[in-house]
Amino acid sequence: MITRRQILSAGVAAGAIALVPRHRAHAAATRIDVYTASDANVSDWWTNVLKPAFESAHPEYEINVVISRGAGAGGIQAIADRALAALKSGTDPQVDYFEENDPLLPKGGIDAGLWVGFDAKAVPGYARLNPLAIETPYGLPYRGSQVVLAYDSDKVAEAEVPKDWAGLVAWIKAHPGQFIYGRPDKGGSGRNFVVRAIHEANGRDPSLFKVATFTKQAAEERLPKAWAILNDLAPSLYEKGAYAAGNTPTLQLLASGAVSMIPAWSDQALQGLTQGVLPPSIKLFQLQDLALSGGFAESTVPSNGAHKAAALALADFLLTDAMQVSIVKDLGGFPGVDWDKLPAELKQQFAAVIPTSIPTYPGGEWESAMNDGWYRNVAPNIDRAK
């Protein structure tokens with residue numbers, strides 16, 4: 001199943017790495033080798049924010065951030081495969097912590113005992129986690145993001161901001177040309193807008209769409225109802241049915257004033273506002289009947305790592321107030337801990353985008369059926385290769 005942890009890492013430039021020897025930079029400090037394949041903003045945050053804060057609080061440890069982007073020899077999956085092979089051979093996997101990794105991979109890893117199971121005993125801060133974020137005890141959902149709706153408050157009055165899907169459809173039709181979403185295979189914001197239409201067309205029941213539920217017959221029964229919804233919207237979209245080719249082009253149309261409302265990743269939009277890329281008039285909100293899809297980036301700790309206790313101390317530090325607030329303010333992400341555990345003023349500031357649900361949609365055959373069906377039935381005139 002494709003989750004937000006995979007989407008967050010998609011589109012990153014490939015680059016192999018050299019394995020770092022396991023020597024100590026300082027004899028008194030235990031080095032924690034942390035592998036990450038996330039975007040540069042995340043790896044920069046680990047290097048420039050988390051690392052100095054953690055090492056100041058825990059001088060007995062030091063963090064070595066190893067950037068492992070790409071699908072080749074240096075990719076995260078290859079490092080995870082190496083950790084499983086090391087578990088079987090009883091050798092050092094030369095990795096202590098995965099910043100973001102699907103605990104369901106490599107296949108058979110959980111059954112083999114590859115990953116540490118997180119709980120409040122191993123990581124005291126685990127009890128602070130948002131229950132919506134927890135998919136498996138083998139992954140630590142320390143940060144998240146979700147597709148929200150962004151709008152220009154200079155053009156859209158607060159009283160007009162939709163509360164649910166029906167209200168959004170009504171707003172789009174009442175303001176032709178002022179809304180756009182991206183192609184579902186070109187970026188998560190467009191993908192999850194299409195997913196929301198699929199959920200709407202199927203009783204707002206995301207549980208119908210799981211990897212195990214896919215059959216050709218099920219897809220043929222459930223997806224065409226969404227194409228009818230999206231085709232009904234098409235004449236009211238920007239340029240009477242234009243579709244942006246990615247997350248960034250969609251945001252650029254909003255920033256330029258070409259449109260007044262779009263779906264957008266919460267982290268991208270919040271960072272755009274912080275950095276001044278988006279004008280201050282841009283505001284965010286989430287649908288209250290059923291939210292748009294999203295998910296959390298999960299950290300994993302190999303059970304055979306040489307410095308497992310140090311890695312668990314790092315996991316716990318990630319869930320402290322200071323780091324969770326920084327994830328919101330500096331990364332533009334959602335906290336992994338329950339919003340109620342953070343300062344009340346922070347929750348109030350982001351009240352419009354705090355999710356009450358985090359629906360998902362699987363990858364694999366469901367993903368392919370969605371993309372293929374959308375191009376055939378909603379946008380048949382678009383060249384998919386461009």
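A Cβ distance below 8 Å, combined with a sequence gap of six or more or placement on separate chains, defines the contacts here; from the range 63-74, residues that are modelled with pLDDT under 65 reach residues that are β-branched (V, I, T) and open to solvent by 10 Å² or more (accessible area, probe 1.4 Å) in the pairs G74/I17. Screening A306, A297, A313, A264 for residues that are in a helix (DSSP H, G or I) and in contact (Cβ under 8 Å) with a residue 60 or more places away in the chain leaves exactly one candidate, A313. All of A57, A86, A80 fail the test of being of a type in the set (A, V, I, L, M) and open to solvent by 10 Å² or more (accessible area, probe 1.4 Å), apart from A57. Scanning the range 348-386 for residues that are assigned to a helix (DSSP H, G or I), open to solvent by 30 Å² or more (accessible area, probe 1.4 Å) and of a type in the set (A, V, I, L, M, F, W, C) yields a count of 2. A residue that is open to solvent by 30 Å² or more (accessible area, probe 1.4 Å), in contact with a strand residue (DSSP E or B) (Cβ under 8 Å, 6 or more places away or on another chain) and at pLDDT 95 or above occurs nowhere in the range 276-296. Among the conditions (1) open to solvent by 30 Å² or more (accessible area, probe 1.4 Å); (2) at pLDDT 95 or above; (3) under 23 Å from A313 (Cα atoms), the only one that A112 does not satisfy is (3). Would it be correct to say that N101 is open to solvent by less than 60 Å² (accessible area, probe 1.4 Å), touching a Lys or Arg at 6+ places or on another chain (Cβ under 7 Å), farther than 30 Å from A174 by Cβ and among the polar types (S, T, N, Q)? Spelling it out, it is not the case that N101 is open to solvent by less than 60 Å² (accessible area, probe 1.4 Å), touching a Lys or Arg at 6+ places or on another chain (Cβ under 7 Å), farther than 30 Å from A174 by Cβ and among the polar types (S, T, N, Q). Listed conditions (1) out of contact with any strand residue (DSSP E or B) (no Cβ under 6 Å at 6 or more places or on another chain); (2) of a type in the set (G, A, S); (3) more than 30 Å from L319 (Cβ to Cβ); (4) open to solvent by less than 20 Å² (accessible area, probe 1.4 Å) are all met by G187, apart from (3).
The values are calculated or read from the model by the stated rules, or taken from the named source; none is laboratory data. Remember, it's a predicted structure, so these values are computed and weren't measured experimentally. Reconstructed Cβ throughout: ideal geometry from the backbone, glycine too, with neighbour counts over all protein chains shown. Ligands, DNA and RNA are stripped out before the accessible areas are found, and what is left, the full protein with its side chains, is counted by its heavy atoms. Shrake-Rupley method; radii C 1.70, N 1.55, O 1.52, S 1.80 Å.
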